[in-house]
Each structure stands twice: as C-alpha cells, then as structure tokens.
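Student: The structure that follows is given in the form of structure tokens.
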Amino acid sequence: MSDRLLEMEEFATKTGPKGVINDWRRFKLESMDQENLAPAKKELLRQMSTPGKPKEDGKSALNRKMSVQEYELLKEEDEGCLKKYRKRCMQEMHDKLSFGPRFEGVHELDSGEAFLEVIEKEHYSTVVVVHIYKVGVKGCEELNNCLDCLALEYPSVKFCRIDAVSSGAAERFSDEVLPTLLVYKAGDLLGNFLACTQHLTGEFFATDVEAFLNSYGLLPEKGLAGVEDEEENDVE
C-alpha cells in the first residue's frame with residue numbers, strides 16, 4: 001500500500017465516531033496541566049495512560065469503554081482546549097486535502113528567463129503573482145511590503161517580484177504603468193493590472209491588496225481563517 005493510501009486510511013480511521021472520541025481523549029489528557037491537578041485526578045491520569053492490565057496493548061486500551069471517573073474528568077474540558085482541538089483537526093484535514101507545493105516569502109526574480117520559468121514550470125494548481133516594480137516609482141515599495149505579508153497568509157500562492165530593468169522589457173514597463181501585478185495559473189494569464197495602485201487608496205495596506213485580488217477571485221480560500229478569527233475574538 002502506498003504512503004498516500006496509508007495516510008488516507010489513518011485519516012479515515014480517526015474520523016469515525018469511536019476514532020473521534022479516542023482522539024479527543026488523547027488530546028485532552030495531553031493538554032491538561034498535570035502539575036496543578038489534584039492527587040486523585042493525577043493518579044487517574046496515570047492509570048488511563050498506563051492501563052493496569054499487562055496484556056492490554058495501546059490500541060485496545062484506547063478502544064475500551066470509558067469509566068465513570070474518566071467521563072467525569074474529561075467532561076470538565078474548558079473552551080480553550082476545545083478550540084485548540086478543533087483547530088488541530090481542521091489543520092490536519094486541510095493538510096490532507098491540500099495539493100500542490102507551498103512557499104515561504106516572496107521570490108526575487110533576477111532575469112527575464114527566471115520570469116518565464118516560474119510561469120511555465122510551476123505546478124499547474126499554483127497561482128503565481130508577479131510584481132513588476134522599479135526602485136523610486138511611487139507605490140512599488142509599499143506594494144512589495146504588502147506582498148511580504150500576503151505571502152505569509154497564502155503559502156500555496158507563489159508571490160514573486162522582478163525589477164522592470166532586470167526583466168529585459170523596461171521599454172514595455174515604463175514608470176507610468178508601474179507597479180504592475182500579473183497573475184498566472186498553469187501558464188495562463190489570469191490578471192494583468194497595470195499601474196495597479198490606482199485601484200487602491202492613497203495609503204494602502206496588505207488587506208487592501210488582498211481585497212483587490214479577491215474581487216477578481218484570484219486568491220484561494222484561507223484554510224483556517226474562521227477558527228483563528230473566532231479564537232482572536234474570544235481572547236479580546
């Protein structure tokens with residue numbers, strides 16, 4: 001059986017009713033602050049972690065029926081622990097179902113050849129965003145800073161930048177049309193935005209650039225945005 005099939009089989013096992021209960025039990029025990037637990041609960045945790053029956057292996061120990069004491073202990077979960085568990089489950093699901101490479105930061109392209117290569121040879125499912133800029137042109141530095149932020153928010157998108165002079169097509173990308181954003185996928189040009197900052201406010205931020213690209217449906221959905229926002233609101 002291939003590694004991919006083994007991963008999916010393990011994932012499917014954990015999603016059944018019994019698998020979810022056992023996974024939550026394990027997560028809860030690992031998350032508890034055992035240093036501050038009462039001695040009786042600490043002993044119960046020890047028994048649950050190391051079952052008394054010598055012949056009981058790890059799998060059968062997890063699948064055994066939950067005792068009344070275990071139930072009383074586990075039902076005392078706090079909201080913070082529950083949210084962490086939900087977030088972990090969603091992250092695991094997202095990782096299993098996500099395809100294509102992931103990237104870190106904005107990639108600097110130093111030539112026209114590098115520009116063509118990233119468009120033609122990138123994975124077919126990858127969205128490639130290229131910023132053509134020039135030092136000293138209004139809006140270029142600000143847009144570079146925004147893309148640095150978005151690259152962290154969207155690791156499945158390949159953000160790149162290239163100096164108009166280094167591109168070998170400086171005559172086509174004069175100061176009047178900079179900064180320019182080009183968006184590709186599977187070698188096809190999806191977006192061609194000349195002097196793109198004219199579509200933004202005078203002082204713009206990463207969220208403004210994100211909203212602009214999203215208005216054309218050019219960015220994928222964020223995997224865990226909903227859970228993270230919910231947790232931040234609870235903290236406030």
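Student: Inside region 145-201, counting only strands (runs of 3 or more DSSP E) that do not spill past its ends, which hold 1 or more residues that are out of contact with any Leu (no Cβ under 8 Å at 6 or more places or on another chain) and more than 23 Å from ALA211 (Cα to Cα)? Walk me through how you get there before you give the answer.
Tutor: Working: elements: 158-163, 180-185, 188-193.
Of the strands (runs of 3 or more DSSP E) lying wholly inside region 145-201, those with at least 1 residues that are out of contact with any Leu (no Cβ under 8 Å at 6 or more places or on another chain) and more than 23 Å from ALA211 (Cα to Cα) span 158-163.
Student: Over 20 Å from the mean Cα position of the chain (by Cα), of a type in the set (Ser, Thr, Tyr), farther than 20 Å from LEU218 by Cβ and modelled with pLDDT of 90 or more: is that true of SER166 in this structure?
Tutor: Numbers: over 20 Å from the mean Cα position of the chain (by Cα): yes; of a type in the set (Ser, Thr, Tyr): yes; farther than 20 Å from LEU218 by Cβ: yes; modelled with pLDDT of 90 or more: no.
Here the answer is no, as SER166 does not meet what is asked.
Student: So which residues in region 117-142 are assigned to a loop (DSSP other than H, G, I, E, B) and either of a type in the set (A, V, I, L, M) or in contact with a helix residue (DSSP H, G or I) (Cβ under 8 Å, 6 or more places away or on another chain) (or both)? Steps first, answer last, please.
Tutor: Let us first name the residues in region 117-142 that are assigned to a loop (DSSP other than H, G, I, E, B), namely 122-126, 134-139.
Across region 117-142, the qualifying residues are LYS134, VAL135, VAL137, LYS138, GLY139.
Student: OK, next. Within region 121-163, track down each residue that is acidic (Asp, Glu) and within 23 Å of GLY217 (Cα to Cα).
Tutor: GLU122, GLU142, ASP148, GLU153, listed by residue number.
Student: Take GLU113 and tell me if it is in the same structural domain as GLY191 (by the TED database), open to solvent by 20 Å² or more (accessible area, probe 1.4 Å) and modelled with pLDDT of 95 or more. Lay out the reasoning, then the answer.
Tutor: Numbers: in the same structural domain as GLY191 (by the TED database): yes; open to solvent by 20 Å² or more (accessible area, probe 1.4 Å): yes; modelled with pLDDT of 95 or more: no.
Criteria not met by GLU113.
Student: How many residues, within region 119-160, are open to solvent by 10 Å² or more (accessible area, probe 1.4 Å) and over 22 Å from the mean Cα position of the chain (by Cα)?
Tutor: Residues in region 119-160 being open to solvent by 10 Å² or more (accessible area, probe 1.4 Å) and over 22 Å from the mean Cα position of the chain (by Cα): 11 in total.
Student: Across region 175-224, what is the total count of residues that are touching a strand residue (DSSP E or B) at 6+ places or on another chain (Cβ under 7 Å), open to solvent by 70 Å² or more (accessible area, probe 1.4 Å) and touching a residue at least 24 places away in the same chain (Cβ under 8 Å)?
Tutor: Count: 3.
The values are calculated or read from the model by the stated rules, or taken from the named source; none is laboratory data. Everything numeric in this text was worked out from a predicted model, so none of it was measured. Note that we place each Cβ from the backbone using ideal geometry, even for glycine, and neighbour counts take in every protein chain shown. Calculation scope for accessible area: heavy atoms of the full protein, side chains included, ligands and nucleic acids excluded. Shrake-Rupley method; radii C 1.70, N 1.55, O 1.52, S 1.80 Å.
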